[in-house]
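A quick write-up on the structure given underneath.
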Amino acid sequence: MDSHQALDVARTRWREAEERLYPTLIADPAAATRAVDAIRRVLVELRGRGDDLATLLAADADPRGLASSLSLSCSGFPIELLVGVACGARLREIVADQDDRRIEQLLANSAAAGAAWVVLDGPDDPDALTEGRHVIVHVTSRTVLTATVDPWTDDHPYELQVLPHAGDPLSRRFGDRAEWLGEFRQCRRDVETLHGTPASTGATRTGAR
């Protein structure tokens, strides 16, 4: 099993640990306090070990050794369960940090190339969407536009979200596809006008992985 496969297996196990633990926490508030404190202590220790995924997997492979190093009581729960939940939380932090660094590099590459917008997710244009989302970020202002299609929503399957780099997000749903696309393009023009960006016809994938 290679490292990617091992991480996939571990991720599934950590998710299952959360699903097993949380109903118990809801039913027993006193036990929840003890378990959350134990998970927090493990998470702090995992953060101190850095962001290497192999190190995270090694900690998961020896939960009792980890608990012993922290003089950690099991608090009435299997230590494997508590460590699994902490590892899952730490993995989400690591992945989020990696995504942030990837986006920063993507924006830097795009700025150097003179691009106004960068595609972060989905097709190059929302017009190609039949399901899922199209996410672009404005290089100068860091404003994020997200166009989403949810075919399982009968009355208003189209959504537009505007997330300024500093400010409150805006969200609106649409029942009409043409209106949704028109509003998306108008929002893009408004952002370009507000931040003095020359009008663009689309977004680039410069530096995208």
Out of all the residues in the stretch 35-43, is one or more under 14 Å from Ala10 (Cβ atoms) and not hydroxyl-bearing (Ser, Thr, Tyr)?
no
Given the conditions (1) in a loop (DSSP other than H, G, I, E, B); (2) touching a Ser or Thr at 6+ places or on another chain (Cβ under 6 Å), and given that Ser73 satisfies all but one, which numbered condition is not satisfied?
(2)
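For every residue, the table says whether it meets (1) more than 23 Å from Gly167 (Cα to Cα); (2) at pLDDT 95 or above; (3) surrounded by fewer than 13 Cβ atoms within 10 Å (Cβ to Cβ); (4) acidic (Asp, Glu).
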| position | (1), (2), (3), (4) |
| --- | --- |
| Leu106 | no, no, no, no |
| Ser110 | yes, no, no, no |
| Ala113 | yes, no, yes, no |
| Pro123 | yes, no, no, no |
| Ala147 | no, yes, no, no |
Qualifying positions in the stretch 1-43 - in contact (Cβ under 8 Å) with a residue 24 or more places away in the chain and more than 19 Å from Gly76 (Cα to Cα)
Ser3, Ala6, Leu7, Ala10, Arg11, Arg13, Arg15
Read through the list (1) under 17 Å from the mean Cα position of the chain (by Cα); (2) assigned to a helix (DSSP H, G or I); (3) over 30 Å from Ser69 (Cα atoms), then give the number of the only condition that Ala111 fails.
(1)
When you go through Glu45, Glu18, Glu80 one by one, which is the residue that is in the same structural domain as Gln98 (by TED's automatic domain parsing), out of contact with any Phe, Trp or Tyr (no Cβ under 6 Å at 6 or more places or on another chain), of a type outside the set (A, V, I, L, M, F, W, C) and modelled with pLDDT of 95 or more?
Glu45
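The values are calculated or read from the model by the stated rules, or taken from the named source; none is laboratory data. Fair warning: this is a prediction, and the values are worked out from it, not measured in the lab. Here the Cβ is made from the backbone with ideal geometry for all residues, glycine too, and neighbour counts use every protein chain on show.
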